[in-house]
Amino acid sequence: MSHSADQDIGSLSIPVPVQEIGANGHPVSYAADAEARTELADRFGLRDVSELTLEGRLKEESDGSYTFRGTISAKVVQTCVVTLDPVENEVEEPISLRFVSEERLEAPAREVMVDAEEEEETEPLPGDVIDLGEAVAEQFGVALDPYPRKPGAVMTPGRDQDDTGPGNPFAVLRNLGRRG
């Protein structure tokens, strides 16, 4: 049973009971509703998140942990850092997570086998339900362009931004070395 694309999850909750994860894993297909997209836009300072989907598979590993591998896809509108105009961007980000019971996370390090070269984020599994919501939100935030620019937008120094003029806040420091 996979989660339907029109499932109302609100507050970025994508719960999967561990008993639903069979020997072949459990497919996860999720599309954020309007409330969740608005919440993401507010959280990350975006003008809009018009689409956000998650496709992947949850799987139980031989060590008792659970892994999720999939892809986050989104269409967002950010603000250009140069012109402050809207900039449409697409996010396509692979996501790899490992869920480990809280008891195993709190155990001495020798009991929790984590490969240093793994690219998975390790998340706590507090009970018998894996909730992908917060991890997806965090990975989405990391995948956003931190300095979105409108095509062709170029930062040009203005009269007060010229590095030799009195409008430059560092001009005073340049003159300190000339005294004496």
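Things to note:
- The label-point distance for Arg69 and Val18, in a model that sets each label 7 Å from Cα toward Cβ, rounds to 2.1 nm.
- Assigned charges on the beta-carbon of Lys, Arg, Asp, Glu; the stretch 15-155 dipole about Cα centre (debye): 540
- Contour excess over end-to-end distance, with Cα ends at Glu51 and Ser29 and 0.36 nm allotted per residue: 6.6 nm
- Cut-off under 5 Å, modelled amide H: who pairs with Glu123 long-range: Arg98, Phe99, Val100
Bear in mind these aren't lab numbers, they're just calculated from the coordinates by the rules spelled out. Here the structure is a predicted model, which is why all the values come from computation and not from measurement. Methodologically, a virtual Cβ is constructed for each residue, glycine included, from the backbone with ideal geometry; neighbour enumeration extends over all protein chains shown.
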